[in-house]
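Asker: This is the structure, below, for whatever I ask next.
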Amino acid sequence: MITSEKESVKIAHTKAVRSINVGLIGFGTIGTGVVKVLKENASVICDKLGCELVLKRVADRDINRDRGVKVDDGVLTTDAKDILNDPDISIVIELVGGTGIAREFIMEALEKGKHVVTANKALLSTHGKDIFKKAAEKGVDIGFEASVGGGIPVIKALREGLAANKIESIYGIINGTANYILSKMTNEGGKFEDVLRRAQEKGYAEADPTYDIEGIDTAHKLAILINLAYGTYIDIKDIYTEGIASISQLDIKYAKEFGYRIKLLAITKSVDGRIEARVHPTMIPAHHPLATIDGAFNGIYLKGNAVGSVLLYGMGAGMMPTASAVVADIMDIARNMNTGALRRVPPLSCPEDAVRAVELRDPESLEIPYYIRFLAMDKPGVLSKISGVLGKHNISISSVIQRDRKIGGAVPLVVLTHNALEKELRAAIAEISTMDIIHDKIVYIRIEENLGAAN
Ligand code: HSE
């Protein structure tokens, strides 16, 4: 029988491959987890795939440190080129992190026609466009489930399970370190620095923990979720980002009194055809499911126009949960290889030429309630001065608390507002900050009352 060249390629692809060689670059915490999962779950993985995953090479600068997991002789190398130049390795796992050498490794792997799996949210949120374009040009797959939500399959959920929906909103607790810090401060009254140190010891924090604390890591992950939800490439600079460094025990205590919890949220919403993209500490009702998500757990609460509300919950950081997502991506690619269905689902769920720019909503046009904490002089007329400025800016007060003891001659004065325009709020705070009755930086926290309902 004569077969055309095209047909013979197809036949070769549809034949079950008996083993697939994988190369891992980066043998750190997550890399170690990946090796453990591949070893410990080898038989279940093999049964599910109908083929074996062979970890052919592992590259790291340090190949002498004991990671508590053994690899076969000759597998370790200090040179990533041993993986990138090996024609027998089909899937490259990049777990180096950062946007420098990791980008070069990924681009070279793609250029050489290798499939890539990465957990690198910083890289994908800043250079995703080039990377995904290169993968499309080369007809290869790229998996990035571990880049958002650790072990939670949120990428797969958005890309496949919820593909039929218009995504109306996403509220995410997607940084385990920040959530660990805020929940320890809330539940145990721990001090910020002590709790951060514990998160670092547990391997949750980024190499530079300011990424966790300043909301940068959350913004990276939100960018990836926005790109998936709306089929776009958002510029990370367009995500309004605030971290948790200014949250004090006082704010946590007042939040509880008002029936809220403070969470670092990644928020995106589609409002009148415009997309909101913001990361900041947020007060949410204590009874909302997201408010109960503590420690290094992550939660993503999203709303689709067909499905309604969906909550995804699980470990958002740490060695084994993140490795679970990495290995699932490898398995997806192996399945595509085995069935000749490469790029069955493109990275952003739509073909590269269908990716579009979206219009973003100006953060100053936000209209929600706010919590404002002043440290003000305790004397007659102070409240009326503050409320006078708020009133001038069309900000209406819903509650006031002033009952704590003096801190250096001043008392905390806490105000909750009705819906107010962010632009007016910022202007009012700037004006009040200049008054001599104010003793410290004014803290304000956005309140989200109706998560999932359009504002
Ligand atoms: N530093 C990140 C976190 C790790 O704390 O969530 C997982 O992306």
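Asker: Look at the stretch 111-150 and say how many of its residues are in contact (Cβ under 8 Å) with a residue 60 or more places away in the chain and within 13 Å of the ligand (Cβ to nearest atom).
Answerer: 12
Asker: Looking only at the stretch 48-80, count every residue that is open to solvent by less than 30 Å² (accessible area, probe 1.4 Å) and either closer than 17 Å to VAL96 by Cβ or not assigned by TED's automatic domain parsing to the domain that holds ASN338 (or both) and tell me the total.
Answerer: Final tally of qualifying residues: 5.
Asker: Exactly one of these conditions fails for ALA207: (1) out of contact with any Leu (no Cβ under 7 Å at 6 or more places or on another chain); (2) closer than 26 Å to LYS303 by Cα; (3) open to solvent by 10 Å² or more (accessible area, probe 1.4 Å); (4) not polar (S, T, N, Q). Give me its number.
Answerer: Going through the list (1) out of contact with any Leu (no Cβ under 7 Å at 6 or more places or on another chain); (2) closer than 26 Å to LYS303 by Cα; (3) open to solvent by 10 Å² or more (accessible area, probe 1.4 Å); (4) not polar (S, T, N, Q), ALA207 breaks only (2).
Asker: Moving on. Starting from residues that are of a type outside the set (A, V, I, L, M) and closer than 25 Å to ALA205 by Cα, keep the ones in the stretch 218-235 and report whichever is most open to solvent (accessible area, probe 1.4 Å).
Answerer: ASP235
Asker: Has the stretch 219-234 got any residue that is under 17 Å from GLY150 (Cα atoms) and near the ligand (Cβ under 10 Å from one of its atoms)?
Answerer: Looking for residues that are under 17 Å from GLY150 (Cα atoms) and near the ligand (Cβ under 10 Å from one of its atoms), one finds at least one in the stretch 219-234, hence yes.
Asker: Oh, and also: Modelled with pLDDT of 95 or more, buried (at least 19 other Cβ atoms within 10 Å of the Cβ) and in contact with a Phe, Trp or Tyr (Cβ under 7 Å, 6 or more places away or on another chain) - does that describe any residue in the stretch 330-344?
Answerer: no
Asker: Right, here's the next one. Take the stretch 151-165 and flag every residue that is open to solvent by 10 Å² or more (accessible area, probe 1.4 Å) and either within 16 Å of the ligand (Cβ to nearest atom) or in contact with a Pro (Cβ under 9 Å, 6 or more places away or on another chain) (or both).
Answerer: GLY151, PRO153, ARG159, GLY161
Asker: So, of the residues in the stretch 386-416 that are at pLDDT 95 or above and open to solvent by less than 30 Å² (accessible area, probe 1.4 Å), which turns out to be nearest to ARG373 (Cα to Cα)?
Answerer: Only one residue tops the list, namely VAL414.
Asker: Continuing with the same structure: Hey, does the stretch 329-345 have a residue that's outside the structural domain of THR32 (by TED's automatic domain parsing), out of contact with any Ser or Thr (no Cβ under 8 Å at 6 or more places or on another chain) and among the basic types (Lys, Arg)?
Answerer: No, there is no match, as no residue in the stretch 329-345 is outside the structural domain of THR32 (by TED's automatic domain parsing), out of contact with any Ser or Thr (no Cβ under 8 Å at 6 or more places or on another chain) and among the basic types (Lys, Arg).
Asker: Shifting gears a bit: Among the candidates ILE170, ILE174, which residue alone is open to solvent by less than 10 Å² (accessible area, probe 1.4 Å), away from the ligand (no atom under 13 Å from the Cβ) and not assigned by TED's automatic domain parsing to the domain that holds ALA146?
Answerer: Being open to solvent by less than 10 Å² (accessible area, probe 1.4 Å), away from the ligand (no atom under 13 Å from the Cβ) and not assigned by TED's automatic domain parsing to the domain that holds ALA146 holds for just one of ILE170, ILE174, which is ILE170.
Asker: Something else about it: Being assigned to a helix (DSSP H, G or I), at pLDDT 95 or above, under 18 Å from ILE30 (Cα atoms) and not charged (D, E, K, R): is that true of ALA109 here?
Answerer: no
Asker: Residues in the stretch 426-446: is at least one open to solvent by less than 30 Å² (accessible area, probe 1.4 Å), within 30 Å of LEU228 (Cβ to Cβ) and either in contact (Cβ under 8 Å) with a residue 60 or more places away in the chain or in contact with a Phe, Trp or Tyr (Cβ under 6 Å, 6 or more places away or on another chain) (or both)?
Answerer: yes
The values are calculated or read from the model by the stated rules, or taken from the named source; none is laboratory data. Values in this document were obtained by computation on a predicted structure and should not be read as measured data. Neighbour counts are summed over all protein chains in view; Cβ atoms, including those assigned to glycine, are modelled from backbone coordinates with ideal geometry. We work out accessible area using only protein heavy atoms, side chains counted, and drop any ligands, DNA or RNA first. Shrake-Rupley method; radii C 1.70, N 1.55, O 1.52, S 1.80 Å.
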